[in-house]
Amino acid sequence: MTADTRNPQTQPEAQPAAKGLLSRHWLRWLWQPLTGFTLALLVMVNLMLWLFWYQPASDALAQAGQRLGESLARTLAFDIAAPLQRGDRLAISLLLNRTAEEPLVFNASLNSTSQDITLTSRPGGRNPDAIDRFSHPVYFESDLLGNVEIQLDDQPLRSWQERAYRAWFLFNLLALALAAGLIGWRTRLQDQATQKLATQLSEQIPEWRDAFSGPPEHQIRMLVQRLSNALDRNAQVLRTLATSTDSAEAERLLEQTHLVGEKGAYCDVALLNVQCHNWDALTRHYDAHQLQGLWARYEHLITQVGELYGGVLLPEGFTLVFGLSDEDHYAMNAVCAARVLQMAAEQLHQQSHRQQPSFGYSLSAGPAFVSRTTKHGIPLPLVAGDASQWLQQVSALQPRDTLFLAEPMLQDAELNRSVEVSLVRDITLSDGSRLEVWELDAISGNQDQLLRSQARTLLEAQ
């Protein structure tokens, strides 16, 4: 048998945490405009019930009881005046008892100091908790003989008020239960409707996770806000994808986004810089529209070749970086890409009778720090280090229709075995070190023929 190595505190701690998250989730769902509207509506309905139903009904019942008591007291005083003048106790008792038998009357009594008579009727019903007293003087002609008093049971009014309070409480309880059920049902429906989108965005864009933790209105508002901000920042990219008829353009942007990581990293890369040396002559030879179309063709060609060999376009000029995808043949890929571009440019010169751009190709390789930047909303790598500095030195020699390589490129064993090169210049750098620049003469074997065929195929596909 093996000992149980599980932490006994994990499960008890996880359950309160899960309950806390669930309670916070539902509290956020309840804290929404619909809840406030429901509570405000309920308060308004209660206020209207108080003002237009309960208060008028209570006043009407109280006034009815007041009028009943005054009417009975006045009628009893009128009927009892003659028997009281005669001193007929029996008739007075009969009148008092008959009055006491009226609904809501608890007791009727007579008090006459002039006749020295004080009589009280039999009690009607049980002893009430609340009594309203009504009295009226007894006159015979102009002589005051005494006073009669009637006691009315106030319990029916109080019972009605209690029932009204209970009905009022049950109405509010039922209204709150129905409102909570409606909000919960609506919450569940909208939670199910947005669950898939929320899960996808939370997985693809983790920083958007908090935007999908509140009520539906908050989720929709945050989603629209974030999408609007993304549209503002990436309008150029979206416009390019919307107007481009080539699906490869979208794939290239997605692949480039995948290659350019979120965090910087040190790695060995190869850089290829393409320079146009006769731009001024082209501006004089072509009008703006023609020059734009010509340049777009070459720009598309450079992008295609870079994508073919795993190169990613840098934000400054026509510079491609190779090696971001952990490819072991990044140096050879950079040389092959430059060679394809060179052969494609030669074929375009042969096919056209008009002046064409004249390019030079500079290559370097070495360690570099690769970070991430954006240009027009497109994620692009930013390369800094020895490889970038050596590329600047090679580009300063301005190669024309040829390929110049920095000496660290030849340190790659595969590239060193595959190319034929000749020394161009030995440069002394600012730190005292030396940098040899070589010119590519050919790629050994039949590689040049394959690359030439590849260049021809790319041109035919345009």
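Rule-based calculations on the coordinates, nothing more; no lab input. Remember, predicted model here, so these are calculated numbers, not experimental data. A quick note on method: Cβ atoms are made from the backbone with ideal geometry, for glycine too, and the neighbour counts reach across all protein chains shown.
Listing Val105, Val269 from fewest to most neighbouring C-beta atoms within 10 Å gives Val105, Val269. How would you rank Tyr330, Tyr361, Tyr266, Tyr139, going from fewest to most other Cβ atoms within 10 Å of each one's own Cβ? Least to most surrounded, the residues fall as Tyr266, Tyr139, Tyr330, Tyr361.
Tell me, Kirkwood radius of the range 24-233 from alpha-carbon pair distances, in Å?
23.2
Taking the empirical scaling 2.2 N^0.38 Å for compact globular proteins as reference, the range 115-191 has a Cα radius of gyration ratio of 2.32. Which parts of the range 60-77 would a label at Ala130 reach, counting a residue when its backbone N lies under 19 Å from a point 7 Å out along Cα-to-Cβ? It comes to 60-70, nothing else.
Put in line by how crowded their Cβ is, counting other Cβ atoms within 10 Å and starting with the fewest, Met44, Met409, Met332 read Met44, Met332, Met409. A cut-off of 5 Å between modelled amide H atoms, ignoring neighbours fewer than 5 places along the same chain, links Asn278 with Ser358.
Amide hydrogen proximity for Gln32: with H placed 1.01 Å from N in the peptide plane, no residue at 5 or more positions away or on another chain lies under 5 Å. For Arg425, nonlocal amide neighbours, meaning residues 5 or more places apart or on other chains whose placed amide H falls under 5 Å from its own, are Val437. Counted over the range 24-233, the DSSP beta bridges are approximately 100% antiparallel.
From the Kirkwood radius over Cα pairs of the range 247-461, Stokes-Einstein at 37 °C and 0.692 mPa s returns a whole-number translational diffusion coefficient of 185 µm²/s. Over all other residues within a Cβ to Cβ distance under 11 Å of Arg98, the charged ones net out to -2, with Lys and Arg as +1 and Asp and Glu as -1.
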